[in-house]
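Q: I have a structure here, written as structure tokens, and I will follow up with some questions on it.
The values are calculated or read from the model by the stated rules, or taken from the named source; none is laboratory data. This one's a predicted model, so the numbers in the text were calculated from it and none came from an experiment. Using ideal geometry, Cβ is built from the backbone for each residue, glycine included, and neighbour counts are taken over all protein chains shown. Calculation scope for accessible area: heavy atoms of the full protein, side chains included, ligands and nucleic acids excluded. Shrake-Rupley method; radii C 1.70, N 1.55, O 1.52, S 1.80 Å.
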Amino acid sequence: MAGTFLLGVGCQKGGTAWLHRYLESSPQVDPGFRKEYHVWDSLDLPSGKLARERIEAQGGERAAFLHDPDRYFDYFTSLLAADGTRLTADITPGYAALPVERFAMVREGFESRGVRPVTAYLLRDPVERIWSAARMDMRRRGDDAPEAPETRIAHMYMHPMYADRTRYDLTMDALEAAFPRESVWYGFYERLFSVETLAPLCDFLGIDFHEPDFGRQVNVSPKPEGAELSEETARTIARHFAGVYDAVQRRFPDLDLATLWPSMRFL
């Protein structure tokens with residue numbers, strides 16, 4: 001194999017930006033010209049419509065990927081041709097909702113070029129993930145934000161923009177239907193910032209472990225002073241996604257998920 005291609009599929013607000021920074025700091029990694037390429041969600045998902053319009057308006061390499069997917073595969077394969085480069089990556093959380101057929105197409109596209117394709121999926125406490133996403137959304141709106149994040153998720157947690165990215169069960173099923181199990185890596189946001197997680201990940205990706213900067217924060221959604229999520233809201237969200245908790249616990253039967261994800265106490 002010429003090297004490894006990593007398809008990072010999320011989850012959104014699950015530490016993917018920090019992970020990207022960590023990987024690209026290795027001399028053995030070249031992720032190309034950006035973290036999130038938004039190629040496959042732009043082609044396949046209703047939520048990618050605006051991204052596609054923006055990419056096509058900008059033109060350039062990403063727009064070419066949309067119109068000729070072979071160029072996507074050739075681009076990343078070319079990055080691996082450089083001396084010392086072992087890994088390249090596209091880490092786009094929007095890919096979490098892709099269908100099995102697209103995941104399989106990506107795998108086959110790299111395999112046919114002699115590149116080893118793998119995928120990684122970070123999971124986070126569903127209540128915390130949705131709350132963090134809402135804080136990010138409201139922060140981006142600035143003075144035009146219609147309400148506090150705590151108020152927003154109380155009535156928006158079922159909206160596709162939040163719910164679809166919290167269906168870890170569906171994403172895990174799709175990944176494992178498209179990739180061999182040994183080519184799928186799962187991690188937890190709550191454990192990401194540790195040597196115990198990163199060293200095995202580097203081994204999985206085929207690169208040497210290098211010391212991380214655990215003090216560096218990337219794309220965080222800080223909680224304003226005094227901001228709290230009501231017990232009622234947290235309970236409602238957790239119970240709505242009860243099937244997700246159950247699927248993750250069944251996938252990792254030896255994991256103390258109730259300790260890792262405090263919102264599980266509401267189930």
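Q: Can you pull out every residue in region 115-135 that is among the aliphatic types (A, V, I, L, M) and either more than 20 Å from Ala97 (Cα to Cα) or not in a helix (DSSP H, G or I) (or both)?
A: Selection gives Val115, Val118, Ala120, Leu122, Leu123.
Q: Given the residues Ser78, Ser42, which is the only one that is farther than 30 Å from Pro212 by Cβ and of a type in the set (S, T, N, Q)?
A: Ser42
Q: With surrounded by fewer than 15 Cβ atoms within 10 Å (Cβ to Cβ) and either out of contact with any strand residue (DSSP E or B) (no Cβ under 6 Å at 6 or more places or on another chain) or acidic (Asp, Glu) (or both) as the only criterion, which of Ala51, Ala57 stands out?
A: Only one candidate passes the filter, namely Ala57.
Q: Could you tell me whether Ala134 is surrounded by fewer than 21 Cβ atoms within 10 Å (Cβ to Cβ) and more than 16 Å from the chain's Cα centre (by Cα)?
A: No: the conditions fail for Ala134.
Q: Being under 27 Å from Ser194 (Cα atoms), under 21 Å from the mean Cα position of the chain (by Cα) and at pLDDT 95 or above narrows it down to one of Ser42, Ser25, so name that one.
A: Matching residue, one of Ser42, Ser25: Ser25.
Residue-wise test of (1) without any contact (Cβ under 8 Å) to a residue 24 or more places away in the chain; (2) under 26 Å from Arg250 (Cβ atoms).
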residue: Val118; (1), (2): no, yes
residue: Glu128; (1), (2): no, yes
residue: Gly142; (1), (2): yes, no
residue: Ala148; (1), (2): no, no
residue: Ala174; (1), (2): no, yes
residue: Gly187; (1), (2): no, yes
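Q: Which ones in region 180-208 are aliphatic (A, V, I, L, M) and assigned to a strand (DSSP E or B)?
A: Val184
Q: Right, next: Hey, among the residues in region 60-86 that are among the charged types (D, E, K, R) and part of a helix (DSSP H, G or I), which one's nearest to Pro117 (Cα to Cα)?
A: If we take residues in region 60-86 being among the charged types (D, E, K, R) and part of a helix (DSSP H, G or I), then Asp74 is nearest to Pro117 (Cα to Cα).
Q: On to the next question. For region 30-52, how many residues meet the condition of being touching a residue at least 12 places away in the same chain (Cβ under 8 Å), hydrophobic (A, V, I, L, M, F, W, C) and part of a helix (DSSP H, G or I)?
A: Final tally of qualifying residues: 3.
Q: Looking only at region 159-179, which residues are at pLDDT 95 or above, open to solvent by 50 Å² or more (accessible area, probe 1.4 Å) and in a loop (DSSP other than H, G, I, E, B)?
A: The answer is Arg167, and nothing else.
Q: Continuing with the same structure: If Glu111 satisfies every condition in (1) touching a residue at least 40 places away in the same chain (Cβ under 8 Å); (2) closer than 22 Å to Leu201 by Cα but one, which is the exception?
A: (1)
Q: Then there's this: When you go through Glu211, Glu182, Glu225 one by one, which is the residue that is among the charged types (D, E, K, R) and modelled with pLDDT of 95 or more?
A: Glu182
Q: Quickly run through region 1-29 and pick out the residues that are assigned to a loop (DSSP other than H, G, I, E, B) and surrounded by 21 or more Cβ atoms within 10 Å (Cβ to Cβ).
A: The answer is Gly3, Val9, Gly10, Cys11, Gln12, Lys13, Gly14, Gly15.
Q: Of Glu36, Glu108, Glu101, which residue is under 17 Å from the mean Cα position of the chain (by Cα), surrounded by fewer than 23 Cβ atoms within 10 Å (Cβ to Cβ) and under 21 Å from Ala174 (Cβ atoms)?
A: The conditions single out Glu36.
Q: Among Ala96, Ala133, Ala120, which is the only one that is closer than 23 Å to Leu198 by Cα and in contact with a helix residue (DSSP H, G or I) (Cβ under 7 Å, 6 or more places away or on another chain)?
A: On inspection, the qualifying residue turns out to be Ala96.
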